C-alpha cells in the first residue's frame, strides 16, 4: 500500500511537470541527485498562488542600506527607502535554485559583487518551496515564485525603477523562474542572465511557458558550466557562454556526481568574478555549442587546429552586465581560476 501511494503521488506530479517520457540517463541523474520525491512528508506544494507569499522572502540590499538587508513589503513603500533603494541605480534580482537559499556562500559572493558596482540587489529566497529531495514539487512551486517576484518587479517600476536598468539573474531552476516572471508582466523584462539553467525534467517540456526561452526578455545571456548534466544543453540565450567547454569544470574533483554539482554551482562564481572586476575573458566562437574538453584544456584546441586560424578567432569577451546588449551567438571562454568561491557539499 505504501508503494502504491508513493507511485500515485509521483505519477500525479510527473504528469503536471510533463515528465512521463524519461530516458535512462534522466532517471539515473534524478536518482543520483536526490531529485525524486520519495520522502513526500518533507515536500511542500503551493497549489493556490496568492502573493505576497509567506514562503518567499524578497530582501533588498543597497550600498547605503542595512547590512542584513530589509524584507520588501508591497503594501509598505517605506520598506524600499528603509532598505536604501534608489531609482537612479541599476537593480538586480538574484534567484537561487533547487535546495538552495539566498544566503548560500556562492549567492552572497554574487550579491556582494553587484553591491560593489552600486546596484540595488534583491535576493529571492524561496527555500521552503524547494526542499531536498522534492524536485518535482520545486518545479511546480517555481510558478508561485515567479508570480510573487513579478509583483515585486512591478512594485519597483511603480516607484521609479526603469525596465532597461533591471536584470534578473537566476541559477539552475532560478533561471527558469527569471523567464517565467515575464508571464506576469504587461511588458517583458529587458535583461535576464541564466546561470546554468536546470536541465532535469525541463528540456523535455514542449511549452516554453514554464521555462527560460528567448521571448522572455529583450536580452538573454546564458552561462553554461555543466551543460548536458544538471544544466541545460540547449542555447536558450541570445548570447551563450560555454565556460571551459561548458560541461565539466577542470577545478572540480571527486566522483562524477560531485563534479557535476561543483561545475553547476561555479556558474555563479564566474559571473561574480566578472562583475567584481569588469573582467574580460579570452574566448573563441563555438557555433556548435558546448564541448567536452579533456584534461586541463579550457578552450577547444586540438592537434589538428591551425594555430594561426585559432589565433585570428581568439579575442576578449565581457561576461554578465558588461557584455554588449546586441551580442549574439555561442562563445567558448577560458576562465583559468575559481578563487574566493569554493564548492562544498554542505
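The values are calculated or read from the model by the stated rules, or taken from the named source; none is laboratory data. Owing to the predicted nature of the structure, the values given are computational and were not obtained by experimental measurement. Every residue, glycine as well, gets a Cβ built from its backbone with ideal geometry; the counts of neighbours run over all protein chains shown.
Determine whether region 100-111 contains at least one residue that is over 20 Å from residue 321 (Cα atoms), surrounded by 24 or more Cβ atoms within 10 Å (Cβ to Cβ) and out of contact with any strand residue (DSSP E or B) (no Cβ under 7 Å at 6 or more places or on another chain). Looking through region 100-111, none of the residues is over 20 Å from residue 321 (Cα atoms), surrounded by 24 or more Cβ atoms within 10 Å (Cβ to Cβ) and out of contact with any strand residue (DSSP E or B) (no Cβ under 7 Å at 6 or more places or on another chain).
Of all the residues in region 275-290, those that are out of contact with any strand residue (DSSP E or B) (no Cβ under 7 Å at 6 or more places or on another chain) and either part of a loop (DSSP other than H, G, I, E, B) or in contact (Cβ under 8 Å) with a residue 60 or more places away in the chain (or both) number 5.
When 204, 247 are checked against the criterion of being within 17 Å of residue 333 (Cα to Cα) and at pLDDT below 95, 247 stands alone in meeting it. Modelled with pLDDT under 95, more than 21 Å from the chain's Cα centre (by Cα), in a loop (DSSP other than H, G, I, E, B) and more than 23 Å from residue 181 (Cα to Cα): does that describe residue 21? Judged against the criteria, residue 21 is a match. So which residues in region 214-230 are under 18 Å from residue 290 (Cα atoms) and surrounded by fewer than 24 Cβ atoms within 10 Å (Cβ to Cβ)? Within region 214-230, 228, 229 meet the criteria. Could you tell me whether residue 59 is within 23 Å of the chain's Cα centre (by Cα), surrounded by 17 or more Cβ atoms within 10 Å (Cβ to Cβ) and farther than 21 Å from residue 127 by Cβ? In short, no. Residue count for region 285-309 under the criterion of being surrounded by 11 or more Cβ atoms within 10 Å (Cβ to Cβ), at pLDDT below 65 and within 31 Å of the chain's Cα centre (by Cα): the result is 2. Taken over region 262-284, the criterion of being more than 16 Å from residue 332 (Cβ to Cβ) and crowded, with 20+ Cβ neighbours inside 10 Å is satisfied by 262, 264, 265, 268, 269, 271, 272, 273, 275. Across region 56-83, what is the total count of residues that are at pLDDT below 95 and closer than 19 Å to residue 129 by Cα? Residues in region 56-83 being at pLDDT below 95 and closer than 19 Å to residue 129 by Cα: 0 in total. Scan region 54-84 for residues that are touching a residue at least 60 places away in the same chain (Cβ under 8 Å) and touching a helix residue (DSSP H, G or I) at 6+ places or on another chain (Cβ under 9 Å) and the total you get is 10.
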